[in-house]
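Visitor: One structure follows; several queries about it will come next.
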Amino acid sequence: MDLGSNFAAKLEQYLLMGKSMRGAAAAKLIQSATSAPGVFVFGELFDLPGIRNLEKDEQYSQSYALLQLFAYKTYQDYLENKDQLPILNEAQTIKLKHLSIVSMATERRILPYPLLMSRLAMSTIRELEDLIIDAIYLDILRGKLDQKESQLEVEYTMGRDLEPGKVEAMLSALKNWASTTSAVLATLDSQISSLSSQNAFNKKQKDDYEAHVQQLIKEVGEKKESAPAYSSGKKPLASHGQATTGTGDRMDVDEPEGSAAGGPKGKNRKAPQAETKSSRKRNRF
């Protein structure tokens, strides 16, 4: 259920009674409505003829000003114009302070305790927190008390009556907000488009790089498969007594003459005979 959704229904009985009231009866109606529990909106009372007539009646003009106070103003306004208004009873004082918190929350979401205590003329934090807790239970606002930071964090509030002449200002504020929002959205769309283009470009570069790496790996693998078995690229030397043909076949080769007699190929060959010395006899004298 939305905040304040049943407040208008609680005002209904006062609207029915006020249709035929004039003068003192109408002033008393205002006093009753502003004191009644659960009644926090009052704008429709200004449509009653008997209530409108009080504005120009010197005797009851303060009652009309009291209704304006609860419909549009705050407790600080009451303190500043106390001489021109009736004295508030306890129920009216608490209600006006609740409505004042709602008005303050329209200006800022975080309400420090010192600010609240000053605007509501409250002397202790305990008294202030009790007032805020009551407002939360009455569905006047939703929020969280941050005792560590000494502040009220407002989430939602009920809507108060809109003072005559303020509609145009609100419409202007809403138009400015809409214009600012549109500009922010256009900027965000532009940035999102730019980021998408950059991401697409980066992805293409990454894909091209990976494809290039895979191509290099493939080419290296093919070269390895087609390379000779010996990595040095040199053909093996023939063993002793063998030669290699162009086709890689081996064939026997005769060893040259003069090789060692003990060699395997010189087994049946005769070793060259040593030159014999001449056996000349020397003459003796």
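The values are calculated or read from the model by the stated rules, or taken from the named source; none is laboratory data. Just so you know, these numbers come straight off a predicted model, no measurement behind them. As a convention, Cβ positions derive from the backbone with ideal geometry for all residues, glycine included, and neighbour counts pool all protein chains shown. Just so you know, the surface numbers come from the protein's heavy atoms only, side chains and all, with ligands and any DNA or RNA stripped out. Shrake-Rupley method; radii C 1.70, N 1.55, O 1.52, S 1.80 Å.
Visitor: Need one word for the stretch 139-199: rounded, prolate or oblate. Basis is the Cα gyration tensor (sqrt eigenvalues a ≥ b ≥ c); a/c below 1.5 gives rounded, then a/b vs b/c decides.
Guide: Taking the square roots of the gyration eigenvalues as a ≥ b ≥ c, the stretch 139-199 is oblate.
Visitor: How much area per residue is accessible in the stretch 12-74 when the probe is 1.4 Å and only protein heavy atoms are counted (Å²)?
Guide: Solvent-accessible surface per residue comes out at 49 Å².
Visitor: For LEU171 and LEU15, calculate 0.36 nm times their separation in residues minus their Cα-Cα distance, and state this gained length in nm to one decimal.
Guide: Stretched fully, the LEU171-LEU15 segment lengthens by 53.3 nm.
Visitor: So if R0 is 45 Å, what FRET efficiency would SER194 and LYS223 give, r being the distance between their Cβ atoms, rounded to the nearest 0.05?
Guide: Efficiency computed from Cβ-Cβ geometry: 0.55.
Visitor: A follow-up question, please. How much length would be gained if the chain were fully extended between SER32 and LYS56, taking 0.36 nm per residue of separation minus their Cα-Cα distance, in nm to one decimal?
Guide: 6.6 nm
Visitor: Report in % the part of the accessible area of the stretch 44-164 that belongs to carbon and sulfur, leaving out ligands and nucleic acids; probe 1.4 Å.
Guide: Taking all protein chains in place, the stretch 44-164 shows 44 percent carbon and sulfur surface.
Visitor: Which whole-number percent gives the relative contact order of the stretch 111-218, counting Cα pairs below 8 Å spaced six or more residues apart?
Guide: Over the stretch 111-218, the number comes to 16 percent.
Visitor: Next question. Rg (Å, one decimal) plus Dmax (Å, integer) for the alpha carbons of the stretch 1-55?
Guide: 11.3, 38
Visitor: Based on the alpha carbons, how large is the Rg to Rh ratio for the stretch 103-238 when Rh follows Kirkwood?
Guide: Looking at the stretch 103-238, the ratio lands at 1.56.
Visitor: With the crude spin-label approximation of a point 7 Å out along Cα→Cβ, what separation in nm comes out for SER118 versus LYS144?
Guide: 2.6
Visitor: Write down Rg/Rh for the stretch 67-141, rounded to two decimals, with Rg from the C-alpha atoms and Rh from the Kirkwood relation over Cα pairs.
Guide: 0.94
Visitor: Here's a follow-up. Would you mind estimating how fast the stretch 1-149 diffuses translationally, via Stokes-Einstein at 4 °C and 1.567 mPa s with the Kirkwood radius over Cα pairs, in µm²/s?
Guide: Calculated translational D: 80 µm²/s.
Visitor: May I ask which residue of LEU120, GLN68, THR106 lies farthest towards the positive end of the charge dipole of the stretch 33-152, with charges of +1 (Lys, Arg) and -1 (Asp, Glu) on Cβ and the Cα centre as origin?
Guide: THR106
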